[in-house]
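Let me begin by presenting the structure, written as structure tokens, before commenting on it.
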Amino acid sequence: RIVYLNGEWLAESEAKVSIFDRGFLFADAIYEVTAVIGGKLIDYPGHAARLKRSLAELRMTCPLDADSLLDVHRQIVARNNLDEGLIYMQISRGPADRDFAFPANPTPTITLFTQEKGILSSPKLETGISVITMPDLRWVRRDIKTVQLLYPSIAKTEAMHRNADDAWLVEDGFVTEASSANAHIVTTEGKLVTRSLSTAILHGITRASILDLARGAGVPAEERAFTPQEAKNAAEAFITSATSFVMPVTRIDGEPIGAGIPGPITQRLRAAYVEDRRSNAI
Ligand code: PLP
């Protein structure tokens, strides 16, 4: 693969970052993941806007202006002949002598790489995924997309040890989100329910798109928290993320949701997302 590092295009084995980089020492870095379908970027404006917000929250600066950032996204797709998959972009505060306080004039480290991934078709779309519930033990600024991902990694690994695909995290009795996706249910009355925006969850770009598309598809939506029990009693459940779009959830803690197969509203919303976002890809 050809990767991008601080203005240079390099073979992946040639790309090196300092051991003093604050991304490495303090997880002092933010990231974005953008899906690529047919060589085009999906929902890019949303990802670019969230990047800006994450940077501002951490008083970090972007080494590239908006046009250059879009240009490197397009170039990395072209240089790797990427048809379907994802672009990972990370900006860290950069290298500095180890000290908890932010350095005064850091030089950020920016890196991008691609991964091939089947997004449009996946065997899990047929069956849906199973999730387990786990306490949400992450820090409380989940609205900032930092690389501080140890707890989500623990949760996902635990889910796999327990023969499930992912974890839904629970705080004060309510589901926050999945390890790396937003969580949604469809009630038996056919209403989409998803947690409202706050510092408790990442403000998912796919989540926002699905809420928009639900209105157009005649699916009423309610933004509020729900409990694991309400999810278990729901007609349908699904997760959203840039790399899975809309993925049905058919079991929670071993209990089937509804008929235990991907639900019709979930499938309708996925189809609407794929169609709309592909036609608006850039
Ligand atoms: N929530 C968390 C914790 C995530 O890590 C992600 C994506 O990585 C999402 C939600 C989904 O966000 P998006 O739809 O912008 O990919």
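Every number here is computed from the coordinates shown, using simple stated rules; none is lab data. All figures in this text were calculated on a predicted structure; none of them were measured in a lab. Every residue, glycine as well, gets a Cβ built from its backbone with ideal geometry; the counts of neighbours run over all protein chains shown.
Results, tabulated for the structure shown:
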read-out	value
Computed Kirkwood radius, in angstrom, where 1/r is averaged over Cα pairs of the chain	19.6 Å
5 angstrom amide H check on Val170, placed H, neighbours 5+ away	Met134, Asp136, Thr176
Ranked list, fewest to most other Cβ atoms within 10 Å of each Cβ, for Phe102, Phe226	Phe102, Phe226
Estimated translational D of region 124-279 in µm²/s (Stokes, Kirkwood radius over Cα pairs; 10 °C; 1.306 mPa s)	104 µm²/s
R0 of 25 Å, Cβ-Cβ distance Asp71-Gln115: FRET efficiency to nearest 0.05	0.80
Mean Kyte hydropathy of 1.6 or more with a Cα span along the axis of at least 15 Å, helices from DSSP in the chain	none
Size of electric dipole in region 1-119: Cβ of Lys, Arg +1 and of Asp, Glu -1, about Cα centre, debye, nearest 20	180 debye
Cubic angstrom per residue, convex hull over Cα atoms of region 4-148	143 Å³
Fewest-first ranking of Thr188, Thr114, Thr240, using other Cβ atoms within 10 Å as the exposure measure	Thr188, Thr114, Thr240
Size of charge dipole - region 74-177 - debye, nearest 20, with Cβ of Lys, Arg +1 and Asp, Glu -1, no other charges	360 debye
Ratio Rg/Rh [Cα only; Rh per Kirkwood] for region 107-147	1.10
Contour minus Cα-Cα distance for Glu275 and Val17 (0.36 nm per residue)	89.0 nm
Residue among Leu213, Val193, Ile252 farthest towards the positive dipole end of region 124-279, charges placed on Cβ	Leu213
For the chain, with +1 on Lys and Arg beta carbons and -1 on Asp and Glu, the positive-most of Ile119, Asn6, Tyr151 along the dipole	Asn6
For region 83-95, 3J(HN,Hα) per residue [Karplus equation, 6.51 cos²θ - 1.76 cosθ + 1.60, θ = phi - 60°, Hz, x = Gly/Pro]	9, 9, x, 9, 10, 9, 10, 10, 10, 10, 5, x, x
